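The values are calculated or read from the model by the stated rules, or taken from the named source; none is laboratory data. Predicted, not measured: the structure shown is a model, and the values here were computed from it. When we count neighbours, we look across all protein chains shown, and the Cβ atoms used for this are built from the backbone with ideal geometry, even at glycine.
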There are 2 protein chains.
Amino acid sequence: MLSVSQALERILSHVRPLEPRSHPLSQTLGLVLAQEVVAREAHPPFDNSAVDGFAVRSAEVAEGTWLDLVGSIPAGSVPEFELGPGQAAAIMTGAMLCPGADACAMVEDSERQAGRVRFTRRVRPGENVRRQGEHLQPGQVVLRPGHRLRPADLGLAASLGYPELACIPRARVTIVSTGSELVPPGQPLGPGQIRDSNSYALEAQVRACGGEPVRLGPVVDDRDALEQALRQALEQAEVLVTSAGVSVGEHDHVRDLIAKLGGELSFWQIKMRPGKPLAFGLAGSIPMFGLPGNPVSSMVTFELFVRPALEVMMGRFPGESRKQTARLTHEITKKTGLTTFLRCRLESTGTGLLATATGDQGSHLLRSMVEADALAVLPEELERLEAGHEVEVLPLHP
Amino acid sequence: MLSVSQALERILSHVRPLEPRSHPLSQTLGLVLAQEVVAREAHPPFDNSAVDGFAVRSAEVAEGTWLDLVGSIPAGSVPEFELGPGQAAAIMTGAMLCPGADACAMVEDSERQAGRVRFTRRVRPGENVRRQGEHLQPGQVVLRPGHRLRPADLGLAASLGYPELACIPRARVTIVSTGSELVPPGQPLGPGQIRDSNSYALEAQVRACGGEPVRLGPVVDDRDALEQALRQALEQAEVLVTSAGVSVGEHDHVRDLIAKLGGELSFWQIKMRPGKPLAFGLAGSIPMFGLPGNPVSSMVTFELFVRPALEVMMGRFPGESRKQTARLTHEITKKTGLTTFLRCRLESTGTGLLATATGDQGSHLLRSMVEADALAVLPEELERLEAGHEVEVLPLHP
């Protein structure tokens, strides 16, 4: 059996960032940039006013005399006059400074009368003027490959004339739930049946980490039907995730099929609870994850193994800044030899985080996940952790 | 002039949560639930096996004798036999327990030979059996209105047979950038022109807080053209956001139009920097925000005023758990009488967060936002804050 970290290491050794492609700027929020963003012109492209007011010769404002208004410069226009002595021009924020002017005075500091204007305070040379290139010089690199795009980055790229950006795309993750007992949530339950819930939770987990989920199934526990479903799923997937059918039951075909479709990497037992069985394989470059069928095991193994793989595929660092520590509010006993992932609520205090288990931890009891803020990592070698013990926690809803 | 908190209070007094509507379960991640989710049947719906193994009469396993295999129960089926003395049946995880059996033994603890099975360890009565209703009883409420849906919630709702949920929808936010100097990022710059960047940053900000943005414009600074554009925008919007045209310039028509379309609430100056001018109005129930045109001012006023309004409209508590404190790493001087929002980088240390300004804070310098993790709130009444001063910070990328 592999430890949790050995299993994760093996998985990550087989995944690579997806091929970058061009995206319309509007669609790039949260994606990882795969190009440089460079100022191709000076920014601002021309001297312009930082205020609504008047373009002036600053020395004349200092005298406090009336100036003649010889024009008005709206934003987006090119002034076709030059200020001479004793002259001023109305100007809008962002509008191009006219030749002859060396400063702008604010409208709030002015008095205007029939074609003339006077000011109530002085203006320094250069005041309220944004100089060409003061923000960025041509050739300056402002964003680099590997950066995860945030709203201000999109604004900056737009201001530099980038209608599209090369980014690492979202991973398309196909989710196939398996099990002859499963019916979709909108259908009545027959005897012996339960509803497919894992594919909905997994779909949301994929979405929460920025992937693009496609939900298929449920597929019955029939080897041929399942093989056909997985082959179809592989046609459109960049990652394939199945739930159930990976354990030791007579009708557990998923692990064999993952081995068949994915070569020699095939099946592991992992020293963890919940979630011991996990199948992993590669169909060409497509990672395939066979997650266990218990609802909690399925969600926990997604967080521990699939999510980091998706993060790498989307150009991010796995688990980036997710790890925190918390102190247990109560004693816990567990099985030695298995890393246990305790569903817990977190409470923030002046001296750090406190973690409290969310009731019964059975791997079929989804309520323990519904109520959880985080998974507390209880180390393999321990059997008993006292109240106050400090443990690592993985927040589920960062 | 209003203080920042007075302005926010006025805005929030005019917005209400949107009308809930039914959403397909797959589309509800991150939405606020507007109904109860109730277990309508017992959960699990029948006694079933927690393991892949054998349904047994536990007392007989204790004797260590060979048992006759009388059947196999795959998941999703109904066993049509009853276990008699000396009998066992193969069973899959999740499959219905057959009458006569009172426990399940794990396949890992068994030895199987030609129609018979023997066990290497004892089984307690009830072991590895999930009892009907042990997770949930019919009528039990598991999720309540007001809860923001997370992946496990979707799994739970699916397991209880909810193909759809009534939720408060995402707010549709129409964004109109205004300014005769603006060209879209894909077009060449003429003299006096700059590129429209605010609408891209605002669109991403709307998306980042869970709204549904629609980007229009840029619209030229012509009163009639602008009125037509705003009227069109209002036809499809639940919130209208404009950028620029709200200040004191000759061509600033947005605030007049917001007043015209939105009744008496119309124009405020707010004691803050960046972002002093802000127009707000209501067209029927549609909040209209006229944000200032400087790129930093536009983004900062969005965070401070539009985002909380969107959060309320989407059923959330504004600013939920966003406020933190940090210590300044350097001295700052500012204008008294204005709350200043300093773009800063945050650094986490053993003794809390440290905040450092991101260089030149000019409201036209988008790089100060690009490099920022947070806005540090520098109080209205202060003129000088020493290094080490503790300030409130609003993380920009929670």
Exercise. (1) hydrophobic (A, V, I, L, M, F, W, C); (2) under 15 Å from A:MET314 (Cα atoms); (3) touching a strand residue (DSSP E or B) at 6+ places or on another chain (Cβ under 9 Å): which one isn't true of A:PHE54, the others all being true?
Worked result: (2)
For this session: Inspect all residues belonging to the range A:13-26 and state whether any of them is within 30 Å of A:ALA95 (Cα to Cα) and out of contact with any Asp or Glu (no Cβ under 7 Å at 6 or more places or on another chain).
Result: no
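Do any strands (runs of 3 or more DSSP E) lying entirely in the range A:351-398 carry at least 1 residues that are acidic (Asp, Glu), away from every other protein chain (no Cβ under 14 Å) and farther than 22 Å from B:HIS147 by Cα, and which ones are they?
Per the criteria, A:390-395.
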For this session: Go through (1) farther than 27 Å from A:VAL300 by Cα; (2) in a strand (DSSP E or B) and name the single condition B:ALA105 misses.
Result: (1)
Problem set entry | Only listed residue being over 21 Å from the mean Cα position of the chain (by Cα), outside the structural domain of B:VAL220 (by TED's automatic domain parsing) and modelled with pLDDT of 95 or more, chosen from B:GLY155, B:GLY139, B:GLY115 | B:GLY139
Problem set entry | Residue among B:GLY319, B:GLY249 that is small (Gly, Ala, Ser) and not assigned by TED's automatic domain parsing to the domain that holds B:ALA208 | B:GLY319
Exercise. Which of the residues belonging to the range B:91-112 are at positive phi and within 44 Å of the chain's Cα centre (by Cα)?
Worked result: B:GLY94
Problem set entry | Residue in the range A:185-195 that is modelled with the lowest pLDDT, counting only those that are facing another protein chain (nearest Cβ under 7 Å) and closer than 18 Å to B:SER26 by Cα | A:GLY186
Exercise. Pick from A:VAL141, A:VAL176, A:VAL214, A:VAL206: which is surrounded by 24 or more Cβ atoms within 10 Å (Cβ to Cβ), more than 10 Å from chain B (Cβ to nearest Cβ) and in contact (Cβ under 8 Å) with a residue 12 or more places away in the chain?
Worked result: A:VAL176
Problem set entry | Members of the range B:127-138 that are part of a strand (DSSP E or B) and either aromatic (Phe, Trp, Tyr) or more than 10 Å from every other protein chain (Cβ to nearest Cβ) (or both) | B:VAL129
For this session: Specify which of the listed residues (A:VAL38, A:VAL51) is under 37 Å from the mean Cα position of the chain (by Cα), β-branched (Val, Ile, Thr), within 30 Å of A:ALA152 (Cα to Cα) and surrounded by fewer than 19 Cβ atoms within 10 Å (Cβ to Cβ).
Result: A:VAL38
Seminar exercise, completed: Taking the range B:154-172 and keeping only residues that are closer than 26 Å to B:ALA208 by Cβ, more than 7 Å from chain A (Cβ to nearest Cβ) and hydrophobic (A, V, I, L, M, F, W, C), one is left with B:ALA157, B:LEU165, B:ALA166, B:CYS167, B:ILE168, B:ALA171
Seminar exercise, completed: Just one listed residue, out of B:GLY115, B:GLY94, B:GLY84, is among the small types (Gly, Ala, Ser) and within 14 Å of another protein chain (Cβ to nearest Cβ), and it is B:GLY94
Problem set entry | Meets criteria (in contact with a Lys or Arg (Cβ under 9 Å, 6 or more places away or on another chain) and either among the β-branched types (Val, Ile, Thr) or surrounded by 23 or more Cβ atoms within 10 Å (Cβ to Cβ) (or both)) for A:THR120 | no
For this session: Could you grab me the full set of residues in the range B:333-353 that are more than 22 Å from A:LEU156 (Cβ to Cβ) and surrounded by fewer than 18 Cβ atoms within 10 Å (Cβ to Cβ)?
Result: B:THR333, B:LYS335, B:THR336, B:GLY337, B:GLU347, B:SER348, B:THR349, B:GLY350, B:THR351, B:GLY352
For this session: Scan the range A:82-98 for residues that are more than 26 Å from B:THR178 (Cα to Cα) and either not assigned by TED's automatic domain parsing to the domain that holds A:PHE54 or not in a strand (DSSP E or B) (or both) and jot them down.
Result: A:GLU82, A:LEU83, A:GLY84, A:PRO85, A:GLY86
For this session: For residues that are charged (D, E, K, R), closer than 24 Å to A:GLU380 by Cα, under 23 Å from the mean Cα position of the chain (by Cα) and assigned to a loop (DSSP other than H, G, I, E, B), tally how many sit in the range A:304-350.
Result: 3
Problem set entry | Lone unmet requirement of (1) more than 19 Å from A:VAL393 (Cβ to Cβ); (2) in a strand (DSSP E or B); (3) assigned by TED's automatic domain parsing to the domain that holds A:ALA376 for A:ALA279 | (3)
Problem set entry | In the range A:60-80, the residues that are in contact (Cβ under 8 Å) with a residue 60 or more places away in the chain and either surrounded by fewer than 16 Cβ atoms within 10 Å (Cβ to Cβ) or within 14 Å of chain B (Cβ to nearest Cβ) (or both) | A:ALA62
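Test B:ALA355 against the stated conditions and say whether it is free of Cβ contacts under 8 Å to residues at least 40 places away in the same chain, in contact with a Leu (Cβ under 6 Å, 6 or more places away or on another chain) and over 24 Å from A:LEU160 (Cα atoms).
yes
To keep it simple, each residue is scored yes or no on (1) modelled with pLDDT of 95 or more; (2) closer than 25 Å to B:GLY30 by Cα.
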residue: A:GLY133; (1), (2): no, no
residue: A:ARG148; (1), (2): yes, yes
residue: A:LEU165; (1), (2): yes, no
residue: A:ARG170; (1), (2): yes, yes
residue: A:VAL176; (1), (2): yes, yes
residue: A:SER197; (1), (2): yes, yes
residue: A:LEU202; (1), (2): yes, yes
residue: A:GLY210; (1), (2): yes, yes
